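Heads up, the thing below is written out as structure tokens.
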Amino acid sequence: MDLIDWHTESRGAGIHNEDAVVITDRHVAVIDGATDIGDRRYGGQTPGRFAMEILRGAIEELPADIDADAAIDALSATLLAAARATGMKPDAH
């Protein structure tokens, strides 16, 4: 799948943007990375930015004929695996 465009823009200098619009030849997605009010970082990124970057890449790999439920499942699994790979414990409540 070819990435046609992706865009992210912060609200001002020094603000880490956690949202993106991704456009491929098969899919269009809006990613809203949840803002963490703490100071945690994963690979030097805020949790929301980390999630946005992982999902941005994963959307490029989705098959053209995937339905919404399967896409959500696939994207969730990709994000969970990436989070675990950083040592994050996303299953802990």
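The HN-Hα couplings worked out from phi for the stretch 23-28 by the Karplus form 6.51 cos²θ - 1.76 cosθ + 1.60 (θ = phi - 60°) are 10, 10, 6, 10, 9, 10 Hz, whole numbers, x standing for Gly and Pro. Each residue of the stretch 51-65 is assigned a 3J(HN,Hα), and the resulting list reads 4, 4, 5, 5, 5, 4, x, 5, 4, 4, 9, 5, x, 5, 9 Hz, derived from the Karplus form 6.51 cos²θ - 1.76 cosθ + 1.60 (θ = phi - 60°), x at Gly and Pro. Is the shape of the stretch 21-93 best called rounded, prolate or oblate, per the rule: a/c under 1.5 gives rounded, else a/b larger than b/c gives prolate, else oblate, with a ≥ b ≥ c the square roots of the Cα gyration tensor eigenvalues? In terms of gyration-tensor shape, prolate. Ordering Thr46, Thr78, Thr35 by accessible surface, largest first, gives Thr35, Thr78, Thr46; the 1.4 Å probe counts only protein heavy atoms, with every chain in place. The figure for Ile59 is an accessible area of roughly 10 square angstrom, using a 1.4 Å probe on the protein chains alone. Solvent-accessible surface (1.4 Å probe) assigned to Val21 amounts to roughly 60 Å². Using the Karplus relation 6.51 cos²θ - 1.76 cosθ + 1.60 with θ = phi - 60°, the per-residue 3J(HN,Hα) values for the stretch 31-44 come to 10, 10, x, 5, 6, 8, 7, x, 10, 5, 9, 10, x, x Hz, with x marking Gly and Pro.
Spin-label model, Asp67 to Thr35: label points 7 Å out along the Cα-to-beta-carbon direction sit 3.6 nm apart.
The values are calculated or read from the model by the stated rules, or taken from the named source; none is laboratory data. On a predicted model such as this, the values are computed, not experimentally measured, just so you know. Backbone-built Cβ (ideal geometry, glycine too); neighbour counts: all protein chains shown. Note: areas computed on protein heavy atoms with side chains; ligands, DNA, RNA excluded. Shrake-Rupley method; radii C 1.70, N 1.55, O 1.52, S 1.80 Å.
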